[in-house]
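**Student:** Before anything else, here's the structure in question.
Only the coordinates and a few stated rules stand behind these numbers; no lab work does. Worth saying up front: this structure is predicted, and the values here are computed from it rather than measured. All Cβ positions, glycine included, derive from the backbone under ideal geometry; neighbour counts span all protein chains shown.
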Amino acid sequence: MKDRLSGNEAVAMAMRQINPDVVAAFPITPSTEIPQYFASFVDDGKVDTEFVPVESEHSAMSACIGAEAAGGRAMTATSSAGLAFMWEMLYIAASSRLPVIMSVANRALSAPINIHNDHSDSMGARDSGWIQLYGETNQEAYDNLLQAILIGEHKDISLPVMNCFDGFITSHAVENIELLDDESVKKFVGDYHPEYFLNNKNHPVAMGPLDLPIHYMEHKRGQEEAMRNAKKVILEVANEFEKLTGRKYGFFEEYRLDDAQIAIVVLNSTAGTAKVVVDELRDKGIKAGLLKLRVFRPFPAEEIAKALAHVKAIAVMDKAASFNAAGGPVFTETAAALNVFAAKNKTVPMPIINYIYGLGGRDVKTDDIHKVYSDLGEIVSGKSYEVYNWLGVRE
């Protein structure tokens with residue numbers, strides 16, 4: 001079924017088709033439309049969901065945690081400071097092993113106040129224990145949400161999942177999209193039957209108790225094992241989704257990367273701009289390629305290292321700053337992966353550089369991407385280089 005929808009509409013449509021037990025949400029730009037559209041489905045009787053309008057994002061996540069703890073399927077959506085206000089509850093959802101599904105329309109964090117896109121919100125939450133999926137297009141925002149259900153609820157995982165896509169650029173732009181019919185979605189996601197929940201009188205459990213030193217570390221190790229298990233399950237779910245739709249997903253997309261000599265690693269909508277530049281460079285005989293990350297948690301370190309092993313120089317583009325004077329979050333993890341596996345395989349790691357770009361919604365144009373590839377070309381030719389760079393900033 002084909003339609004023209006914004007990213008927010010596409011996500012709300014997927015939520016309607018999933019028909020969760022509880023949706024709790026508080027409005028914040030640019031994710032506000034998701035619960036707004038979904039509330040209309042509730043009002044029109046198109047879902048059986050209990051919609052909970054709360055007084056804050058902290059309360060929204062708290063309500064989702066309560067619903068999941070009781071054995072229900074719970075979802076929400078937020079952005080920027082809304083995600084930051086959930087901070088405490090993000091950790092509780094993950095450590096309680098409750099597969100809440102949350103769509104994040106990525107937006108910059110204050111201060112100064114800024115309502116436009118970058119990845120500082122979800123990247124700031126990267127170590128909270130949530131699986132993180134990132135999408136370039138409205139189609140991917142829709143598809144990732146459907147897959148998130150099966151990933152988070154898998155018996156070997158039971159972790160919450162963020163469905164991240166770029167605020168305004170993806171959330172509000174209208175694109176052609178292919179939707180599954182309602183019955184296909186219902187069959188794909190199935191019903192939620194958790195093994196442990198508060199309302200199970202035959203197997204009573206406690207949720208979020210005091211955890212003293214004798215047990216705390218083992219619980220954290222259990223979370224880590226679940227995140228490791230997620231790698232296998234993400235690919236299994238992607239395989240089932242491909243059988244259903246013909247659309248292929250993995251940890252990342254390799255665009256003209258097979259024989260590339262220079263390559264960019266990037267997330268979300270900027271990948272579309274980079275693909276245009278790759279095609280232009282290929283027409284000129286320059287062997288440029290692209291690796292677009294889809295899964296940031298769990299981080300597919302070994303798979304990325306293998307995919308980039310033949311490339312002569314790499315640039316990682318970060319739409320978030322770590323303020324560590326050493327590079328952005330995607331860069332530091334990618335660089336670590338390349339070096340670790342180069343040492344393991346007794347090979348020499350290739351040059352890798354970082355660009356912080358697009359903060360607060362700063363435009364990234366094809367000229368900017370051309371500059372990155374041009375810099376990589378100079379590195380391959382032997383020119384000295386700076387590892388840590390800012391792109392498109394007025395110095």
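**Student:** Treat the count of other C-beta atoms within 10 Å as a stand-in for reagent exposure and order Thr76, Thr49 from fewest to most.
**Tutor:** Sorted ascending by nearby Cβ count, the order is Thr49, Thr76.
**Student:** Quote the relative contact order of region 6-78 in percent (integer), defining contacts as alpha-carbon pairs under 8 Å separated by 6+ residues.
**Tutor:** 42 percent
**Student:** Shifting gears a bit: When the dipole is taken about the Cα centre of region 1-106, and only Lys, Arg (+1) and Asp, Glu (-1) are charged at their Cβ, what size is it in debye, to the nearest 20?
**Tutor:** Here the size comes out at about 340 debye.
**Student:** Largest first, please: the extent of the C-alpha atoms of region 252-390 along each principal axis, to the nearest Å.
**Tutor:** Between the extreme Cα coordinates on each principal axis of region 252-390 lie 37, 35, 30 Å.
**Student:** Once you sort the root eigenvalues of the Cα gyration tensor of region 57-185 as a ≥ b ≥ c, which label holds: rounded (a/c under 1.5), prolate (a/b larger than b/c) or oblate (the other case)?
**Tutor:** Note, shape of region 57-185 comes out oblate.
**Student:** In debye, nearest 20, what is the charge dipole magnitude of the chain about its Cα centre with +1 on Lys and Arg Cβ and -1 on Asp and Glu Cβ, if you could check?
**Tutor:** That gives a dipole near 1040 debye.
**Student:** Taking Cα pairs under 8 Å and at least six residues apart, what relative contact order does the chain come out at, in percent?
**Tutor:** RCO, the chain: 15 percent.
**Student:** Something else about it: Calculate how many DSSP beta bridges within the chain are antiparallel, expressed in % of all such bridges and rounded to the nearest 5.
**Tutor:** For the chain, the DSSP antiparallel bridge percentage is about 20.
**Student:** How large is ³J(HN,Hα), in whole Hz, for each residue of region 61-67 in order, when computed from phi with the Karplus curve 6.51 cos²θ - 1.76 cosθ + 1.60 and θ = phi - 60°, using x for Gly and Pro?
**Tutor:** 5, 4, 5, 5, 4, x, 5
**Student:** State the volume of the convex hull built on the alpha-carbon positions of the chain, expressed per residue in Å³ and rounded to an integer.
**Tutor:** Cα convex hull per residue, to the nearest whole number: 152 Å³.
**Student:** Quickly work out the Arg256-to-Asp156 label distance, labels modelled 7 Å from Cα along the C-beta direction, and quote it in nm with one decimal.
**Tutor:** Rounded to a tenth, the inter-label distance reads 3.7 nm.
**Student:** A further question follows. In nm, to one decimal, how far is the Arg228 label point from the Val393 one, both placed 7 Å along Cα→Cβ?
**Tutor:** 3.8 nm
**Student:** Something else now. Taking 8 Å as the Cα distance limit and 6 or more residues as the minimum spacing, I'd like the relative contact order of region 50-136 as a percentage.
**Tutor:** 26 percent
**Student:** A follow-up question, please. Do the alpha carbons of any pairs in Lys284/Lys306; Lys155/Lys306; Lys187/Lys365 sit beyond 31 Å of each other, and which pairs?
**Tutor:** Lys187/Lys365
**Student:** In degrees between 0 and 90, to the nearest 10, how far off the longest principal axis of the chain does helix 33-43 point, with axes built from Cα atoms?
**Tutor:** In the chain, helix 33-43 runs at an angle near 30 degrees to the longest axis.
**Student:** Once you sort the root eigenvalues of the Cα gyration tensor of region 241-307 as a ≥ b ≥ c, which label holds: rounded (a/c under 1.5), prolate (a/b larger than b/c) or oblate (the other case)?
**Tutor:** Prolate, because a/c is 1.5 or more and a/b exceeds b/c.
**Student:** Which of the listed residues, Gly382, Ala274, Val295, is farthest toward the dipole's positive end in region 252-390, when Lys, Arg count +1 and Asp, Glu count -1 at the beta-carbon?
**Tutor:** With unit charges placed on the Cβ atoms, the residue in question is Val295.
**Student:** A follow-up question, please. In degrees, nearest 10, range 0 to 90: what is the angle between the Cα axis of helix 213-245 and the longest Cα principal axis of the chain?
**Tutor:** 80 degrees
**Student:** Given axes a ≥ b ≥ c from the Cα gyration tensor, I'd like to know whether region 175-288 is rounded (a/c under 1.5), prolate (a/b larger than b/c) or oblate.
**Tutor:** oblate
**Student:** If you don't mind, there's one more thing I want to ask. Rounded to whole Å and sorted largest first, what semi-axes of the equivalent ellipsoid does the C-alpha gyration tensor of region 1-89 yield via the square root of 5 times each eigenvalue?
**Tutor:** 21, 16, 10
**Student:** Most fluctuating residue of Asp121, Asp211, Asp191 in a GNM of the chain with Cα springs under 10 Å: which is it?
**Tutor:** Judging by the Gaussian network model, the answer is Asp211.
**Student:** Within the chain, which is the longest segment that contains none of the trypsin sites (Lys or Arg not before Pro) sitting in a DSSP loop with at most 10 other Cβ atoms within 10 Å?
**Tutor:** It works out to 1-154.
**Student:** State the dimensionless ratio Rg/Rh of region 331-395 (Rg: radius of gyration of Cα atoms; Rh: Kirkwood radius).
**Tutor:** Expressed as Rg/Rh, it is 1.04.
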